[in-house]
Amino acid sequence: MMKRIYRLLLVVLGGIVFLTGCGDDKLVMTTTENTRTTTEKQTNSEDATEEAVTEAPSDEDKALTLSMLYEANKGDALLKDSTGVKVQLDFYGNGNQWGYETYFIGFDSDGNYVQSYENSEGVCNVLDHRRGCWYVSDENGIYTKIYPENGISDRLVDYNHNEMVYEPSKEGTTEEIKDIYRMNGSLILETQVSGTDGDYEYTYVLDDEYKILSYECRSGNALVMSETTVLNTTFQVPSVLTGLEDRTNERIITVKNVDYGIEYSYSVSALYPVDFEMYGAAIYMDEECTIPYNNISQDMERRDENGIYQNLTLYLKQ
């Protein structure tokens, strides 16, 4: 049911994309902001339902397929001639909202591609695509995260970029169109999702290009999740990571892959320690790969008296 949960992507997808191989995929930089309105809450109010004007769909409306919906809401399509897209997901239980997630794809004020994610638990991730790293704020504090294995980071970024707003059903889950119509001029799509965790009904509000403006997800009569999308918006650095705007303190992280003789360099903020997300390899302090690198704790020992982190050379071995 929760087809679009970004926090799980950041933890799990690296392993998934690693299994699919490494490539040189290029991104078309686009940005989307979730401001999906939920059919103006017509289903929550009898009065609103009475005032709503329902119209029959046109032949073009009725030709809409889930494949067309997916293509219209990929990052490449949403960011065409756009600065960014912001998506807001709200989760409900027992009639009350219990959490939210907000994510963005698009460009910063300097024209650099960026992705960001925040949730109600205080987790924040921001992609610095130009430097090839993520900046993370969670229960461990603020730190830089790097995916040093060949191709992993690019494929993770591409997945988040193109699957963010609408993701096709996975194996074991089916989504079928129930109805298409117009209400007060907006195109409404109703679908049913069936899977191992139950059946859910989605009501999407679309623009005339099939971009998702909002949706509601229900299990029976209970509201489970809603989403709103803001199109053509601008990137705002999350308040917890305002230090990212300071580009005067930089350091170089060098990772040498001893198996393949490949070297990667990352210019990252010198204000934060660095962590590595690994899938099948390990990081070492020495070229012989006998002294494991213990990530943040070991990096913190290398700060100078002003709290600035130093350049670092490490070694990657399968």
Residue that is modelled with the highest pLDDT [pool: residues in the range 140-173 that are on the phi > 0 side of the Ramachandran plot and in a loop (DSSP other than H, G, I, E, B)]
151
Are there any strands (runs of 3 or more DSSP E) wholly within the range 205-284 with 3 or more residues that are within 20 Å of the chain's Cα centre (by Cα) and buried (at least 20 other Cβ atoms within 10 Å of the Cβ), and if so which?
212-219, 222-231
Residue tally, condition farther than 17 Å from residue 142 by Cβ and surrounded by 12 or more Cβ atoms within 10 Å (Cβ to Cβ), over the range 299-309
0
Can residue 85 be described as in a strand (DSSP E or B), surrounded by 19 or more Cβ atoms within 10 Å (Cβ to Cβ) and modelled with pLDDT of 95 or more?
yes
What is the residue count in the range 62-82 for residues that are in a loop (DSSP other than H, G, I, E, B) and either in contact (Cβ under 8 Å) with a residue 60 or more places away in the chain or surrounded by fewer than 19 Cβ atoms within 10 Å (Cβ to Cβ) (or both)?
8
Go through the range 149-194 and give me each residue that's surrounded by 16 or more Cβ atoms within 10 Å (Cβ to Cβ), hydroxyl-bearing (Ser, Thr, Tyr) and more than 30 Å from residue 279 (Cα to Cα).
186, 191
Flagged pairs (Cβ under 6 angstrom, 6 or more apart or on separate chains; first in the range 121-134, touching a residue at least 12 places away in the same chain (Cβ under 8 Å); second of a type in the set (Lys, Arg)) are 134/145
Restricting the search to the range 112-139, which residues are assigned to a loop (DSSP other than H, G, I, E, B) and farther than 14 Å from residue 276 by Cα?
112, 120, 121, 122, 123, 129, 130, 131, 139
Residue check, residue 126 within 30 Å of residue 294 (Cα to Cα), of a type outside the set (S, T, N, Q) and in contact with a His (Cβ under 9 Å, 6 or more places away or on another chain):
no
For the range 295-311, state whether one or more residues are part of a strand (DSSP E or B) and over 30 Å from residue 73 (Cα atoms).
no
Quick check on the range 95-111: of everything there that is touching a residue at least 40 places away in the same chain (Cβ under 8 Å) and assigned to a loop (DSSP other than H, G, I, E, B), which residue is surrounded by the most Cβ atoms within 10 Å (Cβ to Cβ)?
108
Selection over the range 88-118 where residues are touching a Lys or Arg at 6+ places or on another chain (Cβ under 6 Å) and either at pLDDT 95 or above or within 16 Å of residue 229 (Cα to Cα) (or both) yields a count of 1
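The values are calculated or read from the model by the stated rules, or taken from the named source; none is laboratory data. Everything numeric in this text was worked out from a predicted model, so none of it was measured. A quick note on method: Cβ atoms are made from the backbone with ideal geometry, for glycine too, and the neighbour counts reach across all protein chains shown.
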